[in-house]
Amino acid sequence: MEKSEASRRMAIRRRAPRPLPRRDEVFGRTAPGDGFLHRTPAGLKLLGLATLTLIVLLARQPLLSLAVIGGLLVLCAAARVPAGMLLSLLRRIWILLAAVLAAQLIFNDPLTAAEVLSRILACLLAAQLMILTTPPMALLEVFRALLRPMRPLGARPGRAALAALVMLRSIPYLADLSALAGRQARARGLERDLRARTVPLLLGAVAYAQDTGRALAARGIDDLD
């Protein structure tokens with residue numbers, strides 16, 4: 001009798017669903033600490049990011065972009081932000097970066113490929129460092145302030161800022177969903193079937209958007225202006 005009861009409990013434990021692993025979010029999280037970048041106003045950091053991005057994109061110099069990347073790593077260490085958190089973005093999108101590099105090497109010369117890739121890396125790391133040192137609500141307030149002058153034209157700054165914040169929060173979920181769709185396709189022997197990889201991703205993205213919309217509506221999104 002005791003053996004039968006023990007077997008039943010073991011079967012229940014085997015059938016119990018395992019908890020989902022915690023996602024390694026890339027966007028929408030803040031690095032722990034209180035360094036000087038954490039204390040810098042969000043508006044000033046956003047202005048610095050815009051200026052740095054404009055310089056990198058207009059200069060079109062690989063050496064300048066590499067210098068910016070080095071400066072960002074030094075700034076990251078000075079602000080006591082874990083380098084792993086900053087570089088986690090590159091780990092998540094390395095396939096996309098490799099595809100960009102391959103395309104540039106095929107259609108352009110190596111110098112142009114280095115220029116394009118270095119500019120992308122510099123802009124991405126700068127944006128990631130700003131996000132890691134800025135609370136999401138502070139960014140929300142900055143977006144609202146920037147959009148407030150457009151209110152007479154019918155714009156609703158609160159809703160637009162919230163949409164930007166939701167977009168940042170959605171990126172890690174969609175990245176995980178894409179990886180899951182790829183694993184499922186490989187398990188069925190359909191790793192080369194584009195439809196087997198994209199259809200589950202699209203359906204999951206639509207379901208996520210619907211769930212997010214219902215949750216925001218239940219919390220009074222129509223009251224934002």
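The values are calculated or read from the model by the stated rules, or taken from the named source; none is laboratory data. Owing to the predicted nature of the structure, the values given are computational and were not obtained by experimental measurement. Side chains included, ligands, DNA and RNA excluded: accessible areas come from the protein's heavy atoms. Shrake-Rupley method; radii C 1.70, N 1.55, O 1.52, S 1.80 Å.
Results, tabulated for the structure shown:
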| quantity | calculated |
| --- | --- |
| Residue order for Arg91, Arg144, Arg151 - accessible surface, 1.4 angstrom probe, largest first | Arg91, Arg151, Arg144 |
| Using distinct alpha-carbon pairs, which all enter the 1/r mean, Kirkwood radius of the range 71-200 in Å | 17.8 |
| Solvent-accessible ranking of Ile69, Ile120, largest area first, probe 1.4 Å | Ile120, Ile69 |
| Solvent accessible area, Å² - Leu47, 1.4 Å probe, full protein context | 110 |
